[in-house]
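Computed from the coordinates by the stated procedures, all read-outs in this text should not be read as laboratory data. Just so we're clear, the structure is a prediction, and the values are computed from it rather than from any experiment. Heads up, the Cβs are rebuilt from the backbone with ideal geometry, glycines too, and the neighbour counts pull from every protein chain shown.
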Amino acid sequence: MKTTLLKKIFASCFLLTFLNVPYSAMAQEDLLGTIKEDESEAKKDFVQATFKGTRVINFHTSEVLGKRTLDFRISHRFGEFNSGSENAYGLDGPASIRLGLEYSYDGRLMAGFGRSSYQKQFDGFVKFRWLRQTENNSMPISLTLFTSAFATMQKDPNKASSGFDKYENFSSRMSFVHQIIVARKFSPSISAQIAPVMVHYNLVDEFTDLNDMFFIAAAGRVKITKRLAVTAEYAYKLRDFTKTKDYFNPLGIGIDIETGGHVFQMHVTNAFGIADNQFYPYNTSSWKDNGIRLGFNVSRVFTL
């Protein structure tokens, strides 16, 4: 009888344990589900490719290279259309070219350097993506900080006549550009950005010229197909910084063509200089006088 009683007790315990397993499993699944939901809510889906590359035409975009990505860039500007048929409407030159190498390790901080033929200039920059637009609009914009330094290696053209070398001190060769780039992708096809820009030259041509120059730069992109987009950029000078020469606001219109690891950009612009310290303040060509030129940028990206 004791054996029968023990069997009944054991069977009852087993039955209760067995019946309790599904409830315990369901409770664990509910907990895991809650954790996953919290993780999903915490995870932010960032907007991708506000602009296809790190440049619109001349202007920097809000984009930063991806993690451990190296970008080799070639930028070329031909001569002006108004040079006539004898000069193949600028294709014969004079031309300016810039070679650049840029890298990002973590996808947020990016650095680069380059060499421009115009004014025999070296440049270096740092770019940091501070804010990034999200799909759910919890962050409606992307915000990127940009700072750069430039050094011209050209000789003083007036040294022989004046007997004085204006580049005697190396600091006189230096100039700087700082920007805060605010961008937004409004739809899969339309993106735009705006940026306050400050340009500083340690040495200016005339005593009355200002060392600090300020601009508002705007740019946009309209995607036509999966691999083709139309771009435009324009910078407005906030105040005159010289009384001795006329300089014109830079304006460019172009197309982006994506081909695998290459991004090929063709454009028309009135800017001859390719570096930021050149095309923002000291642009001597005007669209009104056909002072525009063909140009292209080629970008080749490597993942290291």
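Highest mobility in the GNM of the chain, judged by mean-square fluctuation with C-alpha springs under 10 Å and restricted to Phe241, Phe150, Phe51, is found for Phe241. Give me the log10 of I(q) over I(0) for the chain at q = 0.08, 0.14, 0.15 Å⁻¹, as the Debye formula computes it from C-alpha points; what are the numbers? Each listed q maps to, in turn, -0.45, -1.09, -1.23. Multiplying the residue separation of Thr244 and Ala149 by 0.36 nm and subtracting their alpha-carbon distance yields 31.6 nm. Placing unit charges on each Cβ (+1 for Lys and Arg, -1 for Asp and Glu) gives the chain a dipole about its Cα centre, and among Gln48, Thr61, Val268 the Cα reaching farthest toward its positive end belongs to Gln48. In this rough spin-label picture, where each label sits 7 Å from Cα along the Cβ direction, the Ala88-Asn211 distance is 4.4 nm. For the pair Thr134 and Phe46, the difference between a 0.36 nm per residue extended length and the Cα-Cα distance amounts to 31.3 nm. For segment 71-199, the residue among Thr147, Phe128, Phe164 whose Cα projects farthest onto the positive side of the dipole built from Cβ charges is Phe128. Using a simple spin-label model with pseudo-atoms 7 Å out from Cα toward Cβ, Phe186 and Val230 lie 1.4 nm apart. Against the chain, whose longest principal axis comes from its Cα atoms, helix 2-42 is set at around 10 degrees.
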